[in-house]
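Report on the structure given below.
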Ligand code: HEM
């Protein structure tokens with residue numbers, strides 16, 4: 001496994017969480033206060049979406065270049081009976097792809113909306129759904145599914 005990719009994947013998780021959370025807070029406030037949709041809201045939406053896609057890309061690269069795919073293709077049965085391998089090859093990857101899909105849907109829908117309140121609402125709801133799935137699928141040190149450090153160094 002490429003350690004640089006793993007370090008990047010671990011770090012990007014925090015940047016993505018911060019970007020998503022700030023965009024969600026801003027859009028919930030905008031929605032509830034019927035505030036206009038500013039260029040800063042659009043920038044925040046863009047930054048969160050870019051980091052979600054970047055993390056997805058690095059995740060897919062890790063999946064292909066690391067041991068996960070090799071193990072899966074060589075011995076599917078034994079890979080499925082190993083909790084950690086199953087988590088990364090199935091649950092983690094599928095849930096994260098779903099989360100990024102929800103974030104992307106939120107972005108597209110908010111761009112298509114005519115009113116500013118609807119724009120805020122699309123981001124607030126879809127990004128929240130994406131964030132929830134990401135929080136569940138991250139291998140936190142305390143997760144019952146698989147454990148990885150809060151931050152990884154070289
Ligand atoms: C987009 C949101 C995602 C987040 C927030 C995320 C987060 C993480 C975190 C925190 C780790 C642990 C890193 C470490 O070991 O220090 C990890 C590992 C990993 N992730 Fe993701 N990930 C995401 C998406 C994906 C996707 C879409 C895939 C594959 C299609 C993927 C594949 C992997 C693999 C293969 C590992 C390494 C497993 C191992 O250590 O054996 N990730 N991910």
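A short reminder: the numbers here are calculations on the coordinates, not readings from a lab. Worth saying up front: this structure is predicted, and the values here are computed from it rather than measured. Don't worry about glycine lacking a Cβ; one is built from the backbone with ideal geometry, like all the others, and counts go over all protein chains shown.
Which ones in segment 31-53 are more than 8 Å from the ligand (Cβ to nearest atom), in contact with a helix residue (DSSP H, G or I) (Cβ under 7 Å, 6 or more places away or on another chain) and closer than 15 Å to residue 104 by Cβ?
If the condition is that a residue be more than 8 Å from the ligand (Cβ to nearest atom), in contact with a helix residue (DSSP H, G or I) (Cβ under 7 Å, 6 or more places away or on another chain) and closer than 15 Å to residue 104 by Cβ, then 45, 47, 48, 49, 51, 53 are the ones that fit.
Tell me the residue from 28, 88 that is part of a helix (DSSP H, G or I), crowded, with 16+ Cβ neighbours inside 10 Å and within 11 Å of the ligand (Cβ to nearest atom), please. It would help to see each step written out before you state the result.
Working: 28 fails: within 11 Å of the ligand (Cβ to nearest atom).
Answer to the selection: 88.
Within the set of pairs 6+ apart or on separate chains, which have a first residue in segment 48-62 that is over 13 Å from residue 20 (Cβ atoms) and in contact (Cβ under 8 Å) with a residue 24 or more places away in the chain, a second that is more than 8 Å from the ligand (Cβ to nearest atom) and in a helix (DSSP H, G or I), and C-beta atoms under 8 Å apart?
Taking only residues 6 or more apart or on different chains, the pairs are 58/5; 58/8; 61/5; 62/5.
I'm told residue 36 meets every condition in (1) part of a loop (DSSP other than H, G, I, E, B); (2) without any contact (Cβ under 8 Å) to a residue 12 or more places away in the chain except one. Can you identify the failing condition by its number?
Looking at each condition in turn, residue 36 falls short on (2).
So, of the residues in segment 54-83 that are within 7 Å of the ligand (Cβ to nearest atom) and in a helix (DSSP H, G or I), which turns out to be surrounded by the fewest Cβ atoms within 10 Å (Cβ to Cβ)? Walk me through it before giving the result.
If we filter segment 54-83 for residues that are within 7 Å of the ligand (Cβ to nearest atom), which is where we start, we get 55-56, 59-60, 62-63, 66-68.
Right, trim to in a helix (DSSP H, G or I) and you get 55-56, 59-60, 62-63, 67-68.
Details: 55: 22, 56: 20, 59: 20, 60: 13, 62: 20, 63: 16, 67: 15, 68: 22.
The qualifying residue surrounded by the fewest Cβ atoms within 10 Å (Cβ to Cβ) is 60.
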